[in-house]
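These notes concern the structure reproduced below.
Only the coordinates and a few stated rules stand behind these numbers; no lab work does. Source: prediction; values computed, not measured. Here the Cβ positions follow ideal geometry from the backbone for every residue, glycine too, while neighbour counts run over all protein chains shown.
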């Protein structure tokens, strides 16, 4: 494949210094541009660890991670921070908005980190993204005044503000009810289609897994299944 | 930088109660420092002014031994009665005075011809010190005109000015005639033109101001003076100015107030040191307070910091958020503290003047002492933020995200 965005080559990860516990036992796979992929598996199977390494939040003990053919697993802490800021969009289970800021300010934070301040152009883009996630009217609400689903949608808009190549979600619907989960899925699908963003989400939700293009199933630090859903 | 600043300001704004509390701490600390500093400085200035404000700071006389070596003339040593008096008078005093006038650090110069004698009035006799001066020049040092209790100051012709106690003891009033007998036997009658109160009992009971040339003649000094008295603008430079004068002229002997008031100086110094010590501890307490509040704040904000880091905030940048908070608290707290300090000073002046109409002693707020305190406080607050800042830079985003 020539349009590979992310690639993992024999990634191993262990924790602990005296007693080493290996969480990932040599994971290899690649992610093509524009794919919508779910990672499923039981708790403790290493899904989140893999996602954190792919998202440059963590580094592998051995093996290589490549972004568009460029190795980034051995970058310095600062380089990784910059890499995350420019190429990765994160969405977490617990939303993690900054309660001190309003919805639009939260969306703009990655831009602030990148350029110090946001230009008019960025503010307009933030407004567009909030419109995309259906929160145009809640722009200036403090994030603490938003519902769980609304907060998660703000987090999605925030993940998209720097035009990342990959959107990474660690159980993004884990905290949401069925209806909201469906809305969030639709949003992901929409973003995937319209912006062409590659989406990789760790999920426990079978419905979402069933609706994604590809499913990677993990068990005890290994990939046990990797298959494509037949699109309806 | 703008981003860190934005987050720092927002963190402070949102944690209103905590921010106000810590600001209050800095404000009180800086306020106390400003007030204490002004109070001690004012007190010391007042003490110095009281002690030496109206007296000479430096005085020079002739070096008897020097002249004795130079010429064995008549005045170097003379026998009076059965004891020997060393002559310490100054010959070329007019020339010396001219040269001293050019020195900017000297604010007043007054040549004096002095000698012991007795005043006789209606049969009573009192020992006196006759001081021949140029009234205008002596006034610059002793403020005679401002401290007259009766009469008009004049040393023309036969006029002299005497002290309050001398006048009271001998029942002398203005325009009375008094007879002065000097140690060399000369006797002459003078008219009292005015009576002074120099706030010193021994001076008030013994000094008599007389015209300089008159005194020179009476005391047999010819064209010499006993000494030249001076005041300097900054009293604490007296020692240095004296040394440089002593090096400039040959055959003189110089002295200054610092030598003759050594115990006063020691007292002032210890007072200043204890005031500095108190201020240092106040600053330390404020610094520790800020440091602990910010350290708690790092823990409180660890979720936010984790998410900021996940989104690409570098460690250095994360620590800057807390340094900015420290600095910002310092700036606002110092400004408020300076205001409080000024308020306390005004309150002190007002409170102590309630009964008498004049404050206990004057206090002068100087930008030169308020600004360094503020700068120091801002620096201390920023330094206080260092430890919390380090803590925030070491925070691992993965930990925060994993544990929600």
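Over chain B, dividing the summed -39,500 (n - 2.57) contributions of all DSSP H runs of at least 4 residues by the number of residues returns a 222 nm mean residue ellipticity of -18000 deg cm²/dmol. If you take the square roots of the eigenvalues of the alpha-carbon gyration tensor of chain B and sort them as a ≥ b ≥ c, do you get rounded (a/c under 1.5), prolate (a/b over b/c) or oblate? Note, shape of chain B comes out prolate.
Got the relative contact order for the range B:102-189 handy, in percent, Cα pairs under 8 Å and 6 or more residues apart? Kindly include the intermediate steps, with their values, before the conclusion.
Working: 98 pairs, mean separation 27.2, N = 88.
Dividing the mean separation by the residue count of the range B:102-189 yields 31 percent.
Taking a point 7 Å out from the Cα of residue B:51 in the direction of its Cβ, the residues of the range B:240-273 whose backbone N falls within less than 18 Å of it are B:240-242, B:255-273.
Only counting other Cβ atoms within 10 Å, I'd like B:47, B:258, B:242, B:311 sorted with the fewest neighbours first. Intermediate results must be reported in sequence, preceding the final value.
Working: B:47 16, B:258 19, B:242 22, B:311 26.
By the 10 Å Cβ count, ascending, the order reads B:47, B:258, B:242, B:311.
Counted over chain B, the DSSP beta bridges are approximately 80% antiparallel. Value of Rg to Rh for chain A, rounded to two decimals, is 0.96; Kirkwood radius and Rg both from alpha-carbon coordinates.
Please list A:149-159, A:130-140 highest first by mean number of surrounding beta-carbon atoms within 10 Å per residue.
A:149-159, A:130-140
Taking every DSSP beta bridge that has both residues in the range B:64-250, what percent is antiparallel when rounded to the nearest 5?
Values: 34 of 44 bridges.
Here the share of antiparallel DSSP bridges comes out near 75 percent.
Its residues counted as N, the protein assembly as shown yields a C-alpha radius of gyration over 2.2 N^0.38 Å of 1.71.
Using C-alpha pairs under 8 Å with a sequence gap of at least 6, the mean separation divided by the residue count of chain A gives a relative contact order of 28 percent. Fully extending the segment from residue B:21 to residue B:222, taken as 0.36 nm per residue of separation minus the present Cα-Cα distance, adds 64.8 nm. As a rough footprinting exposure proxy, the listed residues B:320, A:84, A:9 were ranked by other beta carbons within 10 Å of their own, and the order from fewest upward is A:9, B:320, A:84. Could you tell me the center-to-center distance, by alpha carbons, between the range A:156-232 and the range A:1-57 in angstrom? Comparing the Cα centres of the range A:156-232 and the range A:1-57, I get a distance of 15 Å.
From the alpha carbon centroid of the range B:171-229 to that of the range A:103-140 is 91 Å.
Could you tell me which of rounded, prolate or oblate describes the range B:64-250, using a ≥ b ≥ c as the square roots of the eigenvalues of the alpha-carbon gyration tensor, with rounded for a/c under 1.5 and, failing that, prolate when a/b is larger than b/c and oblate otherwise? It comes out oblate by the Cα gyration axes.
Helix-only estimate, please: 222 nm mean residue ellipticity of chain A, summing -39500 (n - 2.57) across DSSP H runs of length 4 or more and dividing by its residues, to the nearest 500. Write out the running numbers ahead of the final one.
On the way: 7 runs with 81 residues, N = 232.
That calculation yields -10500 deg cm²/dmol at 222 nm.
Fraction of C-alpha pairs exceeding 26 angstrom in the range B:247-383: 53 percent, rounded to a whole number. Put in order of Cβ neighbour count within 10 Å, fewest first, the listed residues A:72, B:142 become A:72, B:142. Take every Cα pair under 8 Å whose residues are at least 6 apart in sequence, average their separation, divide by the length of chain B, and the relative contact order is 26 percent. For the peptide A:81-88, the mean number of other protein chain Cβ atoms found within 10 angstrom of a residue's Cβ is 4. Students often get this wrong: which residues of the range B:366-404 have the backbone nitrogen under 17 Å from the point 7 angstrom along Cα-to-C-beta of residue B:272? Taking a point 7 Å out along Cα→Cβ of residue B:272, the residues of the range B:366-404 whose backbone N falls under 17 Å are B:366, B:368-370, B:372-373. The mean number of partner chain beta-carbon atoms within 10 angstrom of a residue's beta-carbon across peptide B:387-399 is 1.
Of all DSSP bridge pairs formed entirely within the protein assembly as shown, close to 70 percent run antiparallel. Per-residue shielding of A:101-113, expressed as the average number of other chain Cβ atoms within 10 Å of the residue Cβ, stands at 3.
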